[in-house]
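Structure first, then comments.
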């Protein structure tokens, strides 16, 4: 079980990177069905509920799905696939409020990772979503997909902090051309 604060900002084409701000609060749960220790395959089931904190949006989401990881030596492959139920979607543009019906999205993430040395790993990662997979919404809703390199330095032993820093490139017109990925995870 966990609680996560999500801080994110895409690069706006005309404005560069604006200030990062807290955008979402999530409650998460994961159950390991097949633990991965050393070489082999691991399987877990993941669920999360998130609330948007962005002005002009009143959005909630429930996501669930499998986490699959295979490892051999210093290399690993991870695949996450989530069904996402979107609730209470409201957006305000130019003073007008638009409300969308509840709908299902499909989101994925994958990672090819190489543990170069004990404290440094490199990866290629991809992320994306397929909007309104059950066809509840009218009109066209473009898909968003990203791909790019990420480096993972780790500090400490006992408790350790794993950082991530990478650049993800947009692969579709609906995705910003460039996104910065960064994070820190404390494990103890």
Next item on the list: Scan the range 150-172 for residues that are under 17 Å from residue 112 (Cα atoms) and either within 15 Å of the chain's Cα centre (by Cα) or not in a strand (DSSP E or B) (or both) and jot them down.
Entry: 150, 164, 165, 166, 167, 168, 169
Notebook entry, point to check: Of everything in the range 173-188 that's assigned to a strand (DSSP E or B) and either without any contact (Cβ under 8 Å) to a residue 60 or more places away in the chain or more than 19 Å from residue 148 (Cβ to Cβ) (or both), which residue is nearest to the chain's Cα centre (by Cα)?
Noted result: 181
Check: Being closer than 30 Å to residue 118 by Cβ and at pLDDT below 90, is that true of even one residue in the range 65-73?
Finding: no
Margin query: Only one of 186, 147, 165 is loosely packed, with under 13 Cβ neighbours inside 10 Å and within 25 Å of residue 74 (Cβ to Cβ). Can you tell me which?
Written below: 186
Next item on the list: Look at residue 38 and say whether it is more than 24 Å from residue 124 (Cβ to Cβ), loosely packed, with under 15 Cβ neighbours inside 10 Å, at pLDDT below 95 and more than 20 Å from the chain's Cα centre (by Cα).
Entry: no
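The values are calculated or read from the model by the stated rules, or taken from the named source; none is laboratory data. Owing to the predicted nature of the structure, the values given are computational and were not obtained by experimental measurement. No Cβ is skipped: glycine too gets one built from the backbone with ideal geometry, and neighbour counts run over all protein chains shown.
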